[in-house]
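The values are calculated or read from the model by the stated rules, or taken from the named source; none is laboratory data. Every value quoted in this text rests on a predicted model; they were computed, and no experiment measured them. Here the Cβ is made from the backbone with ideal geometry for all residues, glycine too, and neighbour counts use every protein chain on show. Remember, those area values only see protein heavy atoms, side chains included, never the ligands or the DNA or RNA. Shrake-Rupley method; radii C 1.70, N 1.55, O 1.52, S 1.80 Å.
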Amino acid sequence: TTLCIFISAYSMILFLKSRNIKNKRIIIAISIAYACGGYAANFYGQYMFHRFYALLPLLFFAIERYLENGKGTLFSLLVCVLLLQNYYLT
């Protein structure tokens, strides 16, 4: 669970930096809020959803990267990982 919190915060930081947000306070505040929101899902018994939630900003980062550079390797990898997460979620 602790690792998922750090992954979700770091993935949100990567996504916000890809959107050209420069203010470090805003980036840190949003990433902490996002990580805490995912952690709250554990209290409702949705443990696998937290793993999906932690990797979702990386998918958005991969989409941005694909649209800018045309490289779809990261996007394809994350779609496969998130589909596996969704498979175990249901």
Quick one: in the range 17-39, of everything that is open to solvent by 40 Å² or more (accessible area, probe 1.4 Å) and of a type in the set (A, V, I, L, M, F, W, C), which residue is farthest from residue 6 (Cα to Cα)? 21
Report, ordered by the first and then the second residue, all pairs with beta carbons closer than 7 Å, sequence separation of six or more or different chains, a first member in the range 55-73 that is within 12 Å of residue 14 (Cα to Cα), and a second member that is of a type outside the set (Gly, Ala, Ser) and not in a helix (DSSP H, G or I). 65/71
Considering only the range 42-54, state which residues are of a type outside the set (S, T, N, Q) and surrounded by fewer than 17 Cβ atoms within 10 Å (Cβ to Cβ). 43, 44, 45, 47, 48, 49
